[in-house]
């Protein structure tokens, strides 16, 4: 059996993984690679893209900076999360605030340093990304509308780094990005309704706190209806291969989501709505493989 010291070390390691949300970071890294192979550079040999050292560094820098972002967000939200996520906080609090800050600076420093090996502009990009995440966590996230919009923009910023690297300015990429942005922004508003108790206690002036859950539902409804527009455009006017099946199924799921939204009034129900949107986002990552089935088969063989 493990000694007490070993068990404590393992628990603290698990706590740190929980804080940086390792699962989310892996999904983002996978999405960056799939987007690079199937969307940004479909004409390049897959091996040239998958084993591009610069792409690897950009993805790794993104992962490090995002992990740092989760840490600083946990640092500022510790009191609020004691109310909203008491069970998770029991694990997260095994890591002291001092260790969190130390890890935050180390991860961000490594992220920017690695990006500098690609180019000076890449280093500046990630340095600006680090500052934007800190500004959001420190001040902007407590503001209605602006906090939600900035959060959604920060979530898609890692893909912008890949987009700039490959210099692919096809319209279809912007339509994809718009759909993703609207879904993520909808999820941010749902999270505000889910975390209403803690936000009120800590004086976070979110949309749900300042204007009420009914107005928040109206905003989410508008965003979801707007998201159906790029989804429809991708189905009807752009060559997305078999990924049209994903956008078709997602459109139906979003309609069901709206029905459930207006029937939801408890935290548990808002958590379910949050999970539906998370499922749409994660399945969209896998759905990228459907853009070119022949390309996928050829690259697997």
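Just a few scattered comments:
- Directionally averaged projected area (the chain, Cα convex hull): 17.3 nm².
- For the pair region 32-78 / region 237-268, the C-alpha centres are spaced 26 Å from each other.
- Distance (nanometres) between label positions extended 7 Å along Cα→Cβ at residue 233 and residue 135: 2.7 nm
- Our estimate of slack between residue 75 and residue 120, defined as 0.36 nm per intervening residue step minus the Cα-Cα distance, is 13.2 nm.
- 138, 274 arranged by Cβ crowding within 10 Å, fewest neighbours leading: 138, 274
- Added length on full extension, which subtracts the Cα-Cα distance from 0.36 nm per residue, residue 251 to residue 269: 4.4 nm
- Taking 0.36 nm per residue of separation and subtracting the Cα-Cα distance, full extension of the segment from residue 23 to residue 200 would add 60.8 nm.
- For the chain, built as a Gaussian network whose Cα springs stay under 10 Å, the top-fluctuating residue of 244, 211, 136: 211
- Ranking of 252, 260 by count of other Cβ atoms within 10 Å, fewest first: 252, 260
Every number here is computed from the coordinates shown, using simple stated rules; none is lab data. Keep in mind the model is a prediction, meaning the values are calculated, not measured. Methodologically, a virtual Cβ is constructed for each residue, glycine included, from the backbone with ideal geometry; neighbour enumeration extends over all protein chains shown.
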